[in-house]
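Reading through the structure tokens given below for one structure.
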Amino acid sequence: MINNAWYDYFIEILSAKVSKRSQLVEQLMDLLSIEREAVYRRLRKEVLFSIYEIVKIAVTWNISLDEITNLNSGSFTFVMNPINYFEPSEEEFEVVRNRIRRLEHLMASPDSECMEICNKMPRSITAISNDLYRFDIFRWTYQYGNREEDALFSQTQMSEQFKMEMAYYYQLIKHVSNMSFIWDQMIFDYWVRDIQYFHSILLITDQEKELLRKELLTLIDYWSEVAKKGYYPETKNRVNIYISKVHVDTNYSYFYTDKLKISRIHAFDRCDVFSYDTRLITDFRTWMKLKKRTSVKISEVDEKSRTEFFKRQQKLIEDM
């Protein structure tokens with residue numbers, strides 16, 4: 001029997017990443033291309049994972065050296081996996097799928113917590129509509145897709161597999177026990193301006209502009225109802241919505257459960273920079289909550305501010 005403290009901690013990390021032993025074994029079999037019994041022998045510590053296997057697991061599952069060794073080097077590790085959302089490779093799609101599957105912990109945790117501070121509508125909002133999410137990908141493709149010719153909005157299509165993953169992501173988000181949003185005051189203005197711009201350069205037709213306008217109005221109706229009730233109507237889980245009185249520079253968020261802790265910063269429109277370092281996430285969580293000091297809560301409590309905010313968004317969209 002091998003007894004190394006760092007190895008014990010590494011096994012604990014793996015168990016925390018995938019709570020069900022059978023699923024952990026299956027995923028390690030696929031990742032390392034080894035037999036089931038070989039995985040069990042490593043988990044029982046009869047043999048060690050090889051250096052190559054540890055590196056492959058760490059890279060794929062975003063585990064830092066500090067986590068593996070349970071040492072504090074004084075530095076923090078961030079991970080960014082750029083995804084071509086217009087034409088994702090199998091490997092890129094698998095990255096997206098794995099990210100979403102990690103959020104399954106939210107469904108099992110009664111005290112899960114998430115907070116998103118946004119100057120652009122995050123996926124947890126746009127995923128309600130395939131067309132709005134498709135526009136988000138179209139906008140990213142135009143700016144960062146490096147295509148020789150400008151693609152029309154009509155040419156931006158999502159695979160059925162991708163749609164299913166986004167629908168599942170939207171479902172999982174609603175299982176957060178306590179969800180909080182802090183929105184930039186201009187969060188809908190930016191979308192309206194972007195749609196108008198792409199319409200002006202003829203990449204969006206009149207009919208498509210009208211389709212997006214209707215989708216945005218539907219979105220406003222839904223979130224107005226959520227803000228009024230203070231919870232998701234589908235799950236009854238709590239939702240707190242704040243409007244920031246100062247400019248929000250980018251989107252950033254965290255997920256916090258007993259087994260899942262992630263901080264995320266938005267970069268280059270659709271790229272996410274992640275950290276799984278518990279020390280950093282604890283500070284990140286504190287910093288984000290302090291943002292409430294320059295924000296006004298509109299869910300449940302302040303009916304006047306809530307009504308004024310959503311009426312302004314509705315008029316903005318109707319006049320688009």
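Comparing 259, 229, 56, which has the greatest mean-square fluctuation in the GNM of the chain with Cα pairs linked when under 10 Å apart?
56
When the distances between all Cα atoms of region 5-69 are binned every 10 Å from zero, what whole-number percent does each bin get?
21, 65, 15
Normalised radius of gyration for region 209-283, please: alpha carbon Rg relative to 2.2 N^0.38 Å, two decimal places.
Relative to the rule-of-thumb radius for its length, region 209-283 sits at 1.41.
For region 100-176, place one equal point scatterer on every Cα, skip the solvent, and apply the Debye formula. What is log10 of I(q)/I(0) at q = 0.13, 0.17, 0.19, 0.23 Å⁻¹?
-0.49, -0.75, -0.88, -1.10
How many percent of the alpha carbon pairs in region 176-243 exceed a separation of 18 Å?
Counting every Cα pair in region 176-243, those more than 18 Å apart make up 49 percent.
One-quarter of the Cα convex hull surface for region 256-320, in nm²?
Mean projected area of the Cα convex hull: 7.1 nm².
Can you put 121, 288 in order of Cβ neighbours within 10 angstrom, beginning with the fewest?
Least crowded to most crowded, the residues run 288, 121.
Could you sort 161-167, 30-36 so that the peptide with the highest average Cβ count within 10 Å comes first and the rest follow in order?
Answer by packing, highest mean first, reads 161-167, 30-36.
Return the single residue from 191, 183, 287 with maximal mean-square fluctuation; model: Gaussian network over the chain, springs between Cα atoms under 10 Å.
In this elastic network of the chain, the residue with the biggest mean-square fluctuation among 191, 183, 287 is 287.
For region 259-300, what does the relative contact order come out to in percent, with C-alpha contacts under 8 Å and a separation of six or more?
Answer for region 259-300 is 29 percent.
Between beta-carbons, use under 14 Å as the cut-off and find the net charge around residue 320, counting Lys and Arg +1, Asp and Glu -1.
That works out to -2.
Residue 314 to residue 5: FRET efficiency via 1/(1 + (r/R0)^6), r the Cβ-Cβ distance, R0 56 Å, to the nearest 0.05?
0.40
If one computes the Cα centroid of region 272-320 and of region 177-238, what distance in Å separates the two points?
14
Pairs of Cα atoms under 8 Å, at least six residues apart: use those to get the relative contact order of the chain, whole percent.
Relative contact order here is 22 percent.
Which three extents, in angstrom, do the Cα atoms of region 79-318 have along their principal axes, listed largest first?
That gives 46, 45, 31 Å along the principal axes, largest extent first.
Laboratory data are not the source of any read-out in this text; all were calculated from the coordinates shown. Computed from a predicted model, the values in this text were never measured in an experiment. A quick note on method: Cβ atoms are made from the backbone with ideal geometry, for glycine too, and the neighbour counts reach across all protein chains shown.
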